[in-house]
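Quick notes on the structure that follows.
The values are calculated or read from the model by the stated rules, or taken from the named source; none is laboratory data. Just so we're clear, the structure is a prediction, and the values are computed from it rather than from any experiment. Because the Cβ atoms are built from the backbone with ideal geometry, glycine has one as well, and the counts that use them run over all protein chains shown. Note: accessible area is taken over every heavy atom of the protein model, side chains too, but ligands, DNA and RNA are not part of it. Shrake-Rupley method; radii C 1.70, N 1.55, O 1.52, S 1.80 Å.
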Amino acid sequence: MTFSCPVSEAHPYPFSTFDGVALDPLYSHLREHEPVSRVRMPYGGEAWFLTRHADVKAVLGDQRFSMEAGAGRDVPRPTEYPLPAGGLISMDPPEHSRLRRLTGQAFTARRVEELRPQVSRFTHELLDDMVARDDPSAEIMEDLALPVSISVICKLLGVSYGDRHRFRDFSEALVSSSLSPAEVQQATEDFTAYMAVLVADRRARPTDDFLSTLVQARDEGDRLSEAELLMIGSGLLISGYETTATQIGNFVHILLSDRRLYDSLVADPGLVPAAVEELLRFTPLSTMDGFARIALEDIEIGGTLIRAGEAVITSIASANFDATVFPGADSLDFTRPQNPHLGFGHGVHYCMGAPLARLELQVVLSTLVERLPGLRLSVPAGELRWRTGSLLRTPEAVPVTWDDPAE
């Protein structure tokens with residue numbers, strides 16, 4: 001029988017400012033005592049807030065909770081501007097399904113596996129540059145994480161690496177929480193104009209890259225509108241590198257903050273794939289818990305009745321610390337036998353780029369522990385400064401040094 005549990009007064013969101021990857025203790029309290037709670041968002045009013053793994057997964061997998069219904073509208077949300085309408089993340093099936101089938105061609109097992117040698121080569125070349133310096137020091141984000149991720153997505157889409165400043169500027173505008181909606185809109189318009197030039201070039205001179213595949217789908221199959229083509233190309237270019245680069249920096253920071261973790265991978269590089277999964281579980285990517293889904297009908301979640309039209313926000317970060325699913329969730333365990341984390345989401349909006357992200361993370365960490373077993377932070381972990389004004393949770397910089405591998 002459907003019923004509603006007593007709900008306490010709405011908690012102001014966000015719960016606190018953050019400095020590091022640790023979640024506010026209130027998340028743990030909510031998982032234990034108020035798994036379906038009320039939060040008062042900075043914009044748009046109150047929403048339901050879910051913190052347990054089972055409830056979060058249920059909502060992410062249930063199409064009766066709509067992203068599209070909240071896009072472009074004044075619903076409860078963490079940012080001043082609403083989730084933009086018209087993008088893949090803000091669409092529901094069947095339109096979402098149609099576009100995702102086309103976009104997913106960029107991340108088939110074959111395409112991703114074909115990139116493995118190139119990811120390895122990019123990583124080794126960057127490490128060659130690092131170790132060739134007279135001073136054994138580097139900054140992981142600028143010297144490794146961003147160049148690797150940008151190189152890979154440029155190769156996938158057939159975009160010139162020399163144009164990386166264009167999509168980096170656009171990406172930083174999209175993940176900013178400090179720019180005005182007008183500034184974000186201007187960055188979007190500028191980048192859309194850039195993408196239009198790329199599309200025109202592919203139409204005149206097709207190649208074997210994925211952007212040409214999208215253009216062909218538009219011109220021969222008439223399955224993509226011009227706006228959809230530009231939206232998908234832009235989205236792949238940005239999401240294909242920004243989040244992966246951020247997690248490379250975060251993972252290196254975590255591994256070097258407790259050298260026992262890094263040393264365990266040096267001693268047994270075969271642990272790297274499992275370590276990547278555990279780090280994906282353990283490391284919150286975003287400084288917020290995402291945009292709201294809107295219930296399309298009355299639905300019971302976790303013993304609470306959510307009415308049609310009400311907003312629901314799911315905390316993937318909290319779900320990944322649910323001890324009923326992940327014993328010892330507060331600690332990293334690279335030998336965890338099962339790891340059904342939600343780091344890439346779940347359901348129709350599961351991250352299409354997950355196979356490529358996994359490949360990059362595995363290759364980069366494997367290469368680091370092989371080439372630089374003596375890698376360490378060059379400043380105490382507690383002195384790292386964390387980026388502000390961004391939707392992504394990451395240090396401003398991850399400065400490192402190392403012992404000479406030849407010594």
(request) Calculate the dipole size of the chain relative to its Cα centre from +1 charges on Lys and Arg beta carbons and -1 charges on Asp and Glu beta carbons; express the result in debye to the nearest 20. (result) 820
(request) Run the 1.4 Å probe and let me know the accessible area of SER378, rounded to the nearest 10 Å². (result) 60
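Could you give the alpha-carbon Rg of region 257-322 over 2.2 N^0.38 Å, rounded to two decimals?
Working it through for region 257-322, the quotient is 1.69.
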(request) Once you have all Cα-Cα distances for region 68-210, histogram them in 10 Å bins from zero and send the whole-percent values. (result) 9, 27, 35, 22, 6, 1
(request) Report, in whole Å, the centroid distance computed from the Cα atoms of region 116-131 and region 278-302. (result) 35
(message) Under the rule of at least 5 residues apart or a separate chain, name every residue whose amide H is placed under 5 Å from the amide H of ILE306.
(response) ILE299, GLU300, ILE301
(message) Quick query: amide H of TYR43 versus all other amide H atoms, modeled in the peptide plane; which residues come in under 5 Å with a sequence gap of 5 or more or a different chain?
(response) ARG77
(message) Just the number: Rg to Rh for region 334-400, Cα atoms, Kirkwood Rh, two decimals.
(response) 1.03
(request) Run the 1.4 Å probe and let me know the accessible area of GLU142, rounded to the nearest 10 Å². (result) 90
(request) For the chain, with all protein chains present and a 1.4 Å probe, just round the carbon and sulfur fraction of the accessible area to a whole percent. (result) 52
(message) If you take every residue apart from VAL369 with its C-beta less than 11 Å away from the C-beta of VAL369, what net charge results, scoring Lys and Arg +1 and Asp and Glu -1?
(response) -2
(message) In Å², and per residue, what accessible area does region 202-348 have when probed at 1.4 Å with the other protein chains present?
(response) 38
(message) Using the Cα centre of region 1-149 as origin and beta-carbon charges of +1 (Lys, Arg) and -1 (Asp, Glu), tell me which of ALA10, ALA145, LEU60 is placed farthest towards the positive end of the dipole.
(response) LEU60
(message) No solvent, one uniform scatterer per C-alpha: report log10 I(q)/I(0) for the chain via the Debye equation at q = 0.08, 0.09, 0.11 1/Å, two decimals.
(response) -0.44, -0.57, -0.86
(message) Cα atoms only: what Rg and Dmax, in Å, come out for region 277-407?
(response) 19.0, 66
(request) For THR388, THR243, give the ranking by accessible area with the largest first, probe 1.4 Å. (result) THR388, THR243
(request) Leaving ligands, DNA and RNA out of it, work out the accessible area of ARG387 with a 1.4 Å probe and give it in Å² to the nearest 10. (result) 70
(request) Bin all alpha-carbon pair distances of region 29-135 at 10 Å intervals from 0 and give each bin's fraction as a whole percent. (result) 12, 24, 24, 19, 17, 3
(request) For the chain, return all DSSP H helices satisfying: extent of Cα atoms along own axis at least 18 Å; mean Kyte-Doolittle hydropathy at least 1.0. (result) 226-239
